[in-house]
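Since every read-out is calculated from the coordinates, none of them should be taken as a lab result. Because the structure is predicted, anything quoted here is derived from the model rather than measured. Here the Cβ positions follow ideal geometry from the backbone for every residue, glycine too, while neighbour counts run over all protein chains shown.
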Amino acid sequence: MGKIAKLKDLAGSVSESYLMYLPAEANRERVKVYCLDILREALEKRKAELEEKLGKKLEISIVSKEEFDRLTGIVGERDEREISLGVETGILIGDPLNHSYTLGDYVVASCNREAYELLKWVASRPGEACGVVIYGKTGVGKSHLIQGFAWASLFKTQNVAFFRAQSFIDLVLKLFSQRASVQDAMSKVVNKCHWILIDDFQFLTPDKLGSVREVFFSLTEQALSRGRKVVVTSDVKPDMWQNVHPRLAQRLTLTGCVAINPPDSEFVVTYIREKLKAEGRNITEDALKVVEKLSFSSVRELHRLVTALLLRGVSVVDEAAMLSVVGSLYGSSVMMRPMIEDRLFYAWKQILSCFFDPYEVQEILAGREGMLESEAKKVLKEVKTGFVCAVHGIYPASKVCPLLGVGRSTFYRLLSRGAETPVARAAMREAEKLLGEGEK
């Protein structure tokens, strides 16, 4: 497994050691976890015999790609040489994968199930051309999902090219500067790899990167014509990409374009329970009820909460422990202020989901309602009117106005209109229902 070479033959070094070339992170982790102690033990038992036979002192080391490049003098060729994972797995080209981003650690809930099921379906179609875009705001788990499928594919002996957008940009610009054949380099990637994955595609969209996008367009065309799978992630929906040729967007969404939304209550409860369980901790149902209606914009925020719970060192997280941690993270008051505000936000988000698709909800909550279509803007105005009518007298305008992105004058103007339209009445009834449940 891997490549073994004398360092002095590669770089003129006088070193008497040998190096096992394992540039792919998967194999380095495998060797560290399963093989290193066994190899060292076997080496100690036969050290004298082996050294006498080889006439050299033996040493086992595990180094990074960068350290290997420094030792051997091979610098700047990482993206052009084959990175072997051994006979049991596929080949990884490009950036290393995060070893903790596996499908086994990926929590599936309603907020991300569609994206997960789509990639699962794609993975079950070997040899079939597929183009997929996974979009959603930063921190919702897009990178984890595609890297999880990359690991799964590698261990099915399928070859994977994985590039973060900036790495792909750097590679292409480097090839241009060296007057190398970019087309040949991309053809090698297509010939070798079953999957081509680009993380954070939105960074390829600035106008000045037109030449890089042309290269990626060519790569995508070649890959799909050869029955490969091209998957990209993006912080924004494809129809919001700037400077991207419609044909490229069409190719990339050939099989599907799905959103991963911020964590919902199902995800929050499952994530906290599973992460605590993995650390040998339990959590009570009352403790879970404290957080299931809180709003988390990203998985990173949830990770912060779980870390704080683990640091308390208790074997069972009960309601009191959860209230204390929530209070320390989200406000000086243990319960009331953060929970009241989160209940209001939760109600607003639920109401929006009744009238808009998940991506539109995300844009509204992020204060980017100007990106909506004109008809959607009219509906949003009616929804705001109904919501204002429902919460007036329960919450002060100072709490509601920032949530809706309106000033006080607009707040009272909406209130004076009243819930006269069907949409406004429906929004008002839904708000009353949600906030009523919250009070119970």
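Some values worked out for this structure:
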item: Mean Cβ neighbour count within 10 Å, used as a protection proxy, ranking 370-377, 169-176, 128-135 highest first; result: 128-135, 169-176, 370-377
item: Neighbourhood charge, 15 Å Cβ-Cβ cut-off, centred on residue 226 and excluding it, Lys, Arg +1 and Asp, Glu -1; result: +4
item: Of 237/377; 137/349; 349/378; 142/289; 289/433; 142/174, those spanning more than 22 Å from alpha-carbon to alpha-carbon; result: 142/289; 142/174
item: Distance in nm between pseudo-label sites at residue 211 and residue 320 (7 Å out along the Cβ direction from Cα); result: 6.7 nm
item: Ranked by how many other beta carbons lie within 10 Å on average, peptides 241-247, 379-385, 413-419 from highest; result: 379-385, 413-419, 241-247
item: For a label point 7 Å along the Cα-to-beta-carbon line of residue 114, residues of the range 245-260 with backbone N under 20 Å; result: 249-260
item: Ranking of 269, 212 by count of other Cβ atoms within 10 Å, fewest first; result: 269, 212
item: Residue 155 paired with residue 242, simple spin-label distance in nm, labels 7 Å along Cα-to-beta-carbon; result: 4.1 nm
item: Full-extension gain in nm, residue 312 to residue 392, via 0.36 nm per residue minus C-alpha separation; result: 24.8 nm
item: Cβ-Cβ FRET estimate between residue 292 and residue 49, R0 fixed at 56 Å, reported to 0.05; result: 0.35
item: Shape call, the range 133-232: gyration tensor on alpha carbons, a/c limit 1.5; result: oblate
item: Spacing of the two label points (7 Å from each Cα toward its C-beta) at residue 373 and residue 100, in nm; result: 4.2 nm
item: Cα gyration tensor shape of the range 115-158, rounded if a/c is under 1.5, else prolate or oblate by comparing a/b with b/c; result: oblate
item: Prolate/oblate/rounded label for the range 339-439 (Cα gyration tensor, a/c 1.5); result: rounded
